[in-house]
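The values are calculated or read from the model by the stated rules, or taken from the named source; none is laboratory data. Since we're looking at a predicted model, the values are computed, not measured. Here the Cβ is made from the backbone with ideal geometry for all residues, glycine too, and neighbour counts use every protein chain on show. Only protein heavy atoms, including side chains, enter the accessible area calculation; ligands, DNA and RNA are left aside. Shrake-Rupley method; radii C 1.70, N 1.55, O 1.52, S 1.80 Å.
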Amino acid sequence: MNSIPVIVLAGFLGSGKTTVLNHLLGNRGGTRIGVVVNDFGSIEVDAMSVAGQVGDSMVSLGGGCLCCAVDGSELDAYLEKLADPVHRIDVIVIEASGLAEPEEMVRMLVANENPAVRYGGMVQIVDAAEFDATRARHPETDRHLAVADLVVLNKTDRVDAAERTRIEAALAALCAPGIPVVGADHGRIDPELLFDRRPWTETRGQLSFEDLLAQAHDHDGDHDGDHGGGDHADHVHAAYEATEFVSEQALGPRRFIEFLDRRPAGLYRIKGSVYFGVPGHEERYEVHAVGRFLRFAPHPWGRGEPRLTQLVLIGSGTDGPALLRELENCREPEPWHAAPESMWGVLRYVHRPAPEPAPESDQDPDQDPDQDPDQDPDPEDHPDPEDF
């Protein structure tokens, strides 16, 4: 079973998180998005603003920060509900409270032991027009930016080019090295930067949500009150380039990890699957990168499925031919001669939920009586959440 990525939209009050979320929902194609909205306060205005778009697939935490849920049990319960196969959810998006602590939220999601879900990255929304005022009012802004995997500089239409350049330079200094900064106005970013969009494959006898939006654009202009007409999605796509790479030859895991480590800040998203062919690791390794966040997930090959690598790299201002040359240099003509330890760099980014503890009354007959039963015999099997 493929696990469902959980993507967090964070940012202070007024930065535009709900606008970004509504844009993602309105341009999701056939992708089924589960939404968790965490409002601060008792009146869940944000929850109501998106409720009509996601129906029963939405849950909401009211009256406080999601990261303050006791032991994460409340969030875990909501994620378990959304991950129920009956909903056929493809991706879960959490719109965090403007006062939430991103570090705690990341820790909760990475430590989640539900195999049906996996952490998919932290996206920090920044208001370009209020950048300096927000930092003055909320000094913790700098700390929040430091843990982001991708930054969306929203409301760029409200600042001039020189001011935008100044803010982007400040963000580059505040974020971890290589963190991408995506410019946006009115929250319009390409959903493909965060998740795969599926084509519509179902006919329900009624218009889809996107069909209704298109009709609203034709009759009333932009649905969210912006003043740019009804072709915003087209404008969004024009800002990014996609580079595709296919190889029937295996990739060397160490060289591929080195490529990922030095990927440029303008490379916002990497998706696809990789064939390494290293003895003991011949599976298909699905790769998911949002900004600097990276995760691999091994899956068995389908019957008759060709062993090959297929990647799509989405970015802005990137040198596609140069990226392809670097990937060509990752090829490994004789993967069967590679040592198993060559996969360690990849395995560091494979999430392995902790195993269920054995009942206290049961003693493993094969366990060394001198070994502490609470000690993990192989700490490398379960990476520390701090590593992510």
| said: Give the lysines whose C-alpha is closer than 16 Å to that of residue 155, dropping any in the same chain fewer than 8 places away, or say none. | reply: 17
| request: Compute the accessible area per residue over the range 110-196, keeping the other protein chains in place, probe 1.4 Å, unit Å². | output: 37 Å²
| query | List the trypsin sites (Lys or Arg not before Pro) in the range 88-125 that DSSP assigns to loop (not H, G, I, E or B) and whose Cβ has at most 13 other Cβ atoms within 10 Å. Which are they? | reply | 88
| said: Taking 30 Å as R0, compute the FRET efficiency from the Cβ-Cβ separation of residue 196 and residue 324 and round it to 0.05. | reply: 0.90
| said: Show me the trypsin sites (Lys or Arg not before Pro) within the range 249-300 that DSSP assigns to loop and that have at most 14 other Cβ atoms within 10 Å of their Cβ. | reply: 262
| said: Assuming 0.36 nm per residue, please report the length gained on full extension of the stretch residue 248 to residue 86 beyond their Cα-Cα distance. | reply: 54.7 nm
| request: Starting from the Cα-Cα distance between residue 32 and residue 138, subtract it from 0.36 nm times their residue separation and give me the gain in nm to one decimal. | output: 34.7 nm
| field | Cleavage-rule hits, chymotrypsin sites (Phe, Trp or Tyr not before Pro), the range 280-342, DSSP coil, Cβ neighbours within 10 Å at most 14 | value | 301
| query | Hey, rough spin-label estimate for residue 308 and residue 157, points 7 angstrom out along Cα→Cβ, what's it come to in nanometres? | reply | 4.2 nm
